[in-house]
Amino acid sequence: MRRLADSLFLIAVALWVGGLWAIGYISAPALFASLPTDRMLAGMLAGRQFTLMAWVGMACAAYLLAYVGARRRAAAARSVVGWLVLVMLLLTLAGHFGIQPILAQIKAEAALRAGSGDVMESMLRNRFRAWHGVAGTVYLVESLLGLALVVLQRRELR
């Protein structure tokens, strides 16, 4: 049973961190490069991918935290891997439930004001850019912590 739990641990780390990097730094930029004349469509498709990745991250984090807790018991609070997972989860939650709704609200407000769905053509573009920058920074930090998780995951399997 322990080998199965260890294997699921490795799969969860690979799925979460690999997904973060694949979507954030390969797929989303490829969408915008492939659809230069329809940035709204590229943004909508990328947004769906980021939403899916947030849910994958929440599920993986739940398993990883349960694994660390079961494996380390009282010492779980001293697990570097556990803390990395917890901070990554908090960043995922902040991005998905905090920042993304703000971006959606700005887009909806721009559509109502301008009659066009393109927030970048509205008076709200600077506000959107600022919040998009916050979202990008949160995602970058989560991605870098994910790299640390990949490097340090062996500590948890000892």
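Laboratory data are not the source of any read-out in this text; all were calculated from the coordinates shown. Since this is a predicted model, take the numbers as computed values, not measurements. Here the Cβ positions follow ideal geometry from the backbone for every residue, glycine too, while neighbour counts run over all protein chains shown.
The ranking of Ser7, Ser143 by Cβ neighbour count inside 10 Å, starting from the fewest, reads Ser7, Ser143.
Full extension of the chain segment joining Ala104 with Met1 gains 32.7 nm, where the gain is 0.36 nm per residue of separation less the Cα-Cα distance. In the chain, the longest principal axis of the Cα atoms and the axis of helix 80-93 are about 20 degrees apart. Fully extending the segment from Thr51 to Arg113, taken as 0.36 nm per residue of separation minus the present Cα-Cα distance, adds 19.7 nm.
In the chain, the DSSP-assigned H stretches of four residues or longer account for a calculated mean residue ellipticity at 222 nm of -27000 deg cm²/dmol, using -39500 (n - 2.57) per stretch and the full residue count as denominator.
Evaluated with a Cβ-only charge set (Lys, Arg +1; Asp, Glu -1), segment 35-115 carries a dipole of roughly 340 debye about its Cα centre, given to the nearest 20. Positive end of the dipole of the chain, charges at C-beta (+1 Lys, Arg; -1 Asp, Glu), about the Cα centre: which of Ala108, Ile26, Phe128 has its Cα farthest in that direction? About the Cα centre, the residue reaching furthest to the positive side is Ile26.
With both labels modelled 7 Å from their Cα along Cα-to-Cβ, the Leu35 to Val141 distance reads 2.9 nm. The label-point distance for Ser27 and Ala74, in a model that sets each label 7 Å from Cα toward Cβ, rounds to 4.4 nm. The stretch between Arg127 and Ala62, if pulled fully straight at 0.36 nm per residue, gains 20.1 nm over its current Cα-Cα span.
Magnitude of the Cβ-charge dipole of segment 2-157, K/R +1 and D/E -1, about the Cα centre, nearest 20 debye? Provide the component values of the computation, followed by the final result.
Numbers: 15 positive and 7 negative charges, 119 e Å.
For segment 2-157, the charge dipole is close to 580 debye.
Convex hull volume of the Cα atoms of segment 31-72, normalised per residue: 52 Å³.
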